Amino acid sequence: MQFALDPELVDFSGSIDSLLAKSDMPSVIRSWAAGDTGPGTALWGRVAETGAAALLVPEEAGGAGATAVEAVTALEVLGRHAVPGPVVESVMVAPRIAAALGGDSDSGDVAGQIAGGALASVAAPGISPLAPDAHVAHYLWVVADDEVFTATAGETRRSVDRARTVTTPTRGGRAAAHSTVDLVNHGALGTAAQLMGLGQAMLDMSVDYAKQRKQYGKLIGEYQALKHQLAEVAIALEMARPLLWAGALAIAENPGDPAAAVRDVSAARVAVADAAYLSARTALQLHGAIGYTLEHDLGLWLTKTRALQTAWGTQSFHRGRVLDTVGAGATDRAAGAAR
């Protein structure tokens with residue numbers, strides 16, 4: 001079976017890509033890192049106008065009522081351009097929490113505000129304990145034991161990604177009941193989509209650089225060893241992409257049973273994170289030391305990739321989820337055969 005996106009969805013992602021391509025993203029990211037989040041939040045407002053922030057918000061709450069497939073498509077583009085801020089939390093996780101809050105929330109129409117571009121940050125103790133960029137978030141929540149709690153930001157510290165701050169939030173009052181597994185699935189899948197975009201962007205940067213940089217009178221892209229390295233990155237990303245779509249489809253097809261999507265979401269998260277990290281390592285090796293300097297744009301993508309490696313669960317956590325679900329399936333099959 002061949003998986004192909006609808007033309008409308010391709011056009012939608014293309015519109016976001018066109019917007020961000022014209023926005024001088026390196027300047028926006030550097031301003032955010034320097035403490036001036038104005039350009040970044042203004043850009044997020046324009047992204048929200050495309051409908052990206054409203055994708056998972058129900059139609060009755062003013063959203064698009066879309067599925068994880070559409071959200072992943074948008075998040076890959078946002079990752080490709082390294083958009084700063086709590087992007088995954090706002091696009092993937094906050095709409096699920098807003099739906100659980102319903103229309104009687106003390107905070108008002110949360111779903112409507114999220115759809116309109118209000119930023120949200122979320123932490124899940126034991127899995128993803130650090131809330132990103134809480135200082136720009138309209139909403140800050142902690143999720144644990146199938147409950148959602150309001151929260152206040154604790155001490156803020158800078159991530160390895162200079163355009164990202166993290167905090168361990170202090171849990172407040174109970175806000176709603178919602179499956180922690182569901183929220184982790186959405187956070188992990190959204191992070192995988194971001195990493196896919198980041199990995200592809202760094203591969204493109206590396207290929208462009210290899211076509212321009214000369215060493216010993218020869219373009220470095222003509223050296224066979226470098227061609228092989230770039231090909232390995234391209235293969236890793238393309239092999240991970242079907243797993244990303246499988247994770248999105250698993251969530252979309254099992255909205256009331258988040259446990260059914262655990263294996264596919266975690267498999268996607270592991271494969272995409274590994275591929276993105278390979279892309280980052282290869283890009284740095286190909287560019288040399290200049291690629292990690294503050295002056296070179298590649299460093300902005302490298303550090304974001306490194307920071308997201310542990311967002312919404314580490315690699316070992318997600319490998320464990322895959323192993324547990326596969327092991328449980330094997331046990332069930334053995335029990336069925338015994339009967």
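Quick check: pseudo-label points 7 Å beyond the Cα along Cα→Cβ at L219 and Q309, how many nm apart are they?
Simple spin-label model gives 3.2 nm for this pair.
Compute the FRET efficiency between D324 and T170 as 1/(1 + (r/R0)^6), taking r as their Cβ-Cβ distance and R0 = 51 Å, and round to the nearest 0.05. Let's see the in-between values first.
Details: r = 31 Å, r/R0 = 0.61.
Given R0 = 51 Å and the Cβ-Cβ separation, E is 0.95.
Whenever you get a sec, line up M205, M25 from highest to lowest accessible area (probe 1.4 Å, protein heavy atoms). Display every interim value, and only then the final one.
On the way: M205 50, M25 10 Å².
Putting M205, M25 in descending order of accessible area: M205, M25.
Once both labels are modelled 7 Å past Cα along the beta-carbon direction, what's the H296-A4 spacing in nm?
Going by the 7 Å Cα→Cβ label model, 4.0 nm.
Kindly work out what percent of the DSSP beta bridges joining two residues of the chain are antiparallel, to the nearest 5. Walk me through the numbers before you get to the answer.
Working: 17 of 21 bridges.
Percentage antiparallel, nearest 5: 80.
Within the chain, which is the longest segment containing none of the GluC sites (Glu not before Pro) that sit in a DSSP loop and have at most 15 other Cβ atoms within 10 Å? Before the final figure, lay out each step's value.
Values: sites that count: E155, E295.
It works out to 1-154.
Per DSSP helix of 4 or more residues, -39500 (n - 2.57); summed, then divided by the residues of the chain. What does that give at 222 nm, rounded to the nearest 500? Intermediate values should be presented prior to the final figure.
Details: 11 runs with 185 residues, N = 339.
Result for the chain, helices only: -18500 deg cm²/dmol.
As a test of understanding, state the convex hull volume per residue of the range 178-331 from its alpha carbons, in Å³. Could you put the intermediate results ahead of the total?
On the way: hull volume 17.1 nm³, N = 154.
Hull volume normalised by residue count: 111 Å³.
Nearest 0.05, what FRET efficiency do D145 and E238 give at R0 = 56 Å with Cβ-Cβ as r? Don't skip to the answer; put the middle values down first.
Values: r = 39 Å, r/R0 = 0.69.
The pair D145/E238 has a calculated efficiency of 0.90.
In the range 1-160, what % of DSSP beta bridges are antiparallel (nearest 5)?
On the way: 5 of 9 bridges.
Taking every DSSP beta bridge within the range 1-160, about 55 percent pair in antiparallel fashion.
Taking the solvent-accessible surface of protein heavy atoms with a 1.4 Å probe, what is the per residue accessible area of the chain in Å²?
On the way: 15000 Å² over 339 residues.
Each residue of the chain exposes 44 Å² on average to a 1.4 Å probe.
When the accessible area of the chain is split by element with a 1.4 Å probe, what percent falls to carbon and sulfur? Kindly include the intermediate steps, with their values, before the conclusion.
Numbers: 7950 of 15000 Å².
Whole-percent figure for carbon plus sulfur exposure: 53.
So what J values fall out for the range 155-168 if you push phi through Karplus, 6.51 cos²θ - 1.76 cosθ + 1.60 with θ = phi - 60°, rounded to Hz, Gly and Pro as x?
With the stated coefficients, the range 155-168 comes to 5, 8, 9, 7, 7, 4, 7, 4, 8, 8, 10, 9, 8, 8 Hz.
In nm, what is the difference between 0.36 nm times the number of residues separating R157 and A252 and their Cα-Cα distance?
Details: separation 95, 0.36 × 95 = 34.20 nm, distance 3.53 nm.
Full-extension gain reported as 30.7 nm.
The values are calculated or read from the model by the stated rules, or taken from the named source; none is laboratory data. Remember, it's a predicted structure, so these values are computed and weren't measured experimentally. Neighbour counts are summed over all protein chains in view; Cβ atoms, including those assigned to glycine, are modelled from backbone coordinates with ideal geometry. Accessible surface areas use protein heavy atoms only, side chains included; no ligands, DNA or RNA. Shrake-Rupley method; radii C 1.70, N 1.55, O 1.52, S 1.80 Å.
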